[in-house]
Amino acid sequence: MSPTLQTRGAVIGYGGPPIVRGVDVAIPDGEITAIVGPNGCGKSTLLRALVRLLSPEEGTVLLDGEDIHRTPTREVARRIGLLPQSPIAPAGITVKELVARGRTPHQKVLRPWSATDETAVMSALHSTALTDIQDAVVDELSGGQRQRAWIAMTLAQNTPLMLLDEPTTYLDIAHQYDVMDLLHRLNTRDDRTIVMVVHDLQQAARYAHHVIAMHEGEVAAAGTPTEVLTAELIRTVFGLEARVLEDPVTGSPLVVPAHGPGGVR
């Protein structure tokens, strides 16, 4: 069975020199994929192309084997949910009102709000532990609560694919792992395919089944965390000397930078 979402020879940019150059990626169905790499390597650009916010200058993005740009916008929105970097909520909007916006792709001009819509919203609130604060104003929430609210909106969209651009940015470490645990539950419980751009290699190693490492606009490696997150790749892609050990909690790779007292400089 072919992956639901993939690129073939995708060259992607913003009108100047391309940021992503001729990449082939395949997103495994029902798994968590982490896209990693240094700043400016094309991670977010690739993610934007996967959700049809950017058109490749060359090559294609395929959704269910078809060119995503030939698929109606509403149909794409029913298949793929996106959580962008640092989303901004309208002033005064409540948590439930924000989450309800996830139902927009399912609305029709003459179709009123339905029991199905209400069930989807309440289920999303429950899954993200926001039911008790559904009437709170989003601007008054903590960073972790706001991020869960945005994830709940994406959940209410009820798509089999979720794409998230740096979902733990600006969160403290406890809230970061709360969000990552939530994404893991959504994947294991619902068999939901999740693609996330992350900076933290430990989070990529611990939570992802599949890792895509990017370097200078190209895919440097793709595979399991153990296959990708090697000392050699980290040196090449990040310019960082590191030792890769076994995480004593999960058995996944544990990246230990070789800097500091007694370390390599």
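The values are calculated or read from the model by the stated rules, or taken from the named source; none is laboratory data. It should be emphasised that the depicted structure is a prediction, and the values quoted were computed from it without experimental measurement. All Cβ positions, glycine included, derive from the backbone under ideal geometry; neighbour counts span all protein chains shown. All accessible areas refer to the heavy atoms of the entire protein, side chains included, with ligands and DNA or RNA removed. Shrake-Rupley method; radii C 1.70, N 1.55, O 1.52, S 1.80 Å.
Residues in the stretch 141-157 include at least one that is modelled with pLDDT of 90 or more and part of a loop (DSSP other than H, G, I, E, B).
Counting residues in the stretch 102-119 that are open to solvent by less than 20 Å² (accessible area, probe 1.4 Å) and within 27 Å of HIS199 (Cα to Cα) gives one or more. Which ones in the stretch 9-24 are out of contact with any Pro (no Cβ under 9 Å at 6 or more places or on another chain) and part of a strand (DSSP E or B)? Scanning the stretch 9-24 gives ARG21, GLY22, VAL23, ASP24.
A Cβ distance below 9 Å, combined with a sequence gap of six or more or placement on separate chains, defines the contacts here; from the stretch 72-88, residues that are at positive phi reach residues that are surrounded by fewer than 16 Cβ atoms within 10 Å (Cβ to Cβ) and not basic (Lys, Arg) in the pairs SER86/THR169; SER86/TYR170. The single condition among (1) closer than 19 Å to VAL20 by Cβ; (2) of a type outside the set (S, T, N, Q); (3) free of Cβ contacts under 8 Å to residues at least 40 places away in the same chain that ILE234 does not meet is (1). Scanning the stretch 123-145 for residues that are closer than 30 Å to LEU63 by Cα and out of contact with any Ser or Thr (no Cβ under 7 Å at 6 or more places or on another chain) yields SER123, ALA124, HIS126, SER127, THR128. Scanning the stretch 144-167 for residues that are open to solvent by less than 10 Å² (accessible area, probe 1.4 Å) and either farther than 14 Å from VAL179 by Cβ or among the aromatic types (Phe, Trp, Tyr) (or both) yields ALA156, THR159, LEU161, LEU163.
Filtered by the rule that a residue be within 27 Å of THR230 (Cβ to Cβ) and open to solvent by 10 Å² or more (accessible area, probe 1.4 Å), the stretch 1-24 gives PRO3, GLN6, ARG8, GLY9, ILE19, ARG21, GLY22, ASP24. Each residue in the stretch 124-134 was checked for being assigned to a helix (DSSP H, G or I) and either open to solvent by less than 60 Å² (accessible area, probe 1.4 Å) or touching a residue at least 60 places away in the same chain (Cβ under 8 Å) (or both), and 5 pass.
Restricting to the stretch 177-205, count the residues that are closer than 22 Å to ASN39 by Cβ, at pLDDT 90 or above and out of contact with any strand residue (DSSP E or B) (no Cβ under 7 Å at 6 or more places or on another chain).
So the first thing to find is which residues in the stretch 177-205 are closer than 22 Å to ASN39 by Cβ, and the list is 179-180, 195-205.
When the remaining residues are screened for being at pLDDT 90 or above, the result is 180, 195-205.
Filter once more, so that each one left must be out of contact with any strand residue (DSSP E or B) (no Cβ under 7 Å at 6 or more places or on another chain): 180, 199-200, 203.
Of the residues in the stretch 177-205, 4 are closer than 22 Å to ASN39 by Cβ, at pLDDT 90 or above and out of contact with any strand residue (DSSP E or B) (no Cβ under 7 Å at 6 or more places or on another chain).
Cβ-Cβ distances below 6 Å connect the following pairs, each with a first residue in the stretch 165-192 that is in contact (Cβ under 8 Å) with a residue 40 or more places away in the chain, a second residue that is part of a helix (DSSP H, G or I), and a separation of six or more residues or different chains: ASP165/SER44; ASP165/LEU47; PRO167/VAL179; TYR170/GLY143; HIS184/TYR207; ARG192/LEU186.
Taken together, SER55, SER86 contain a single residue that is open to solvent by 20 Å² or more (accessible area, probe 1.4 Å), small (Gly, Ala, Ser) and within 23 Å of LEU183 (Cα to Cα), which is SER86. Among the residues of the stretch 27-40, not one is modelled with pLDDT under 95 and crowded, with 17+ Cβ neighbours inside 10 Å. At least 3 residues being open to solvent by 60 Å² or more (accessible area, probe 1.4 Å) and of a type in the set (S, T, N, Q) is the threshold, and among the helices (runs of 4 or more DSSP H) wholly inside the stretch 171-265 not one reaches it.
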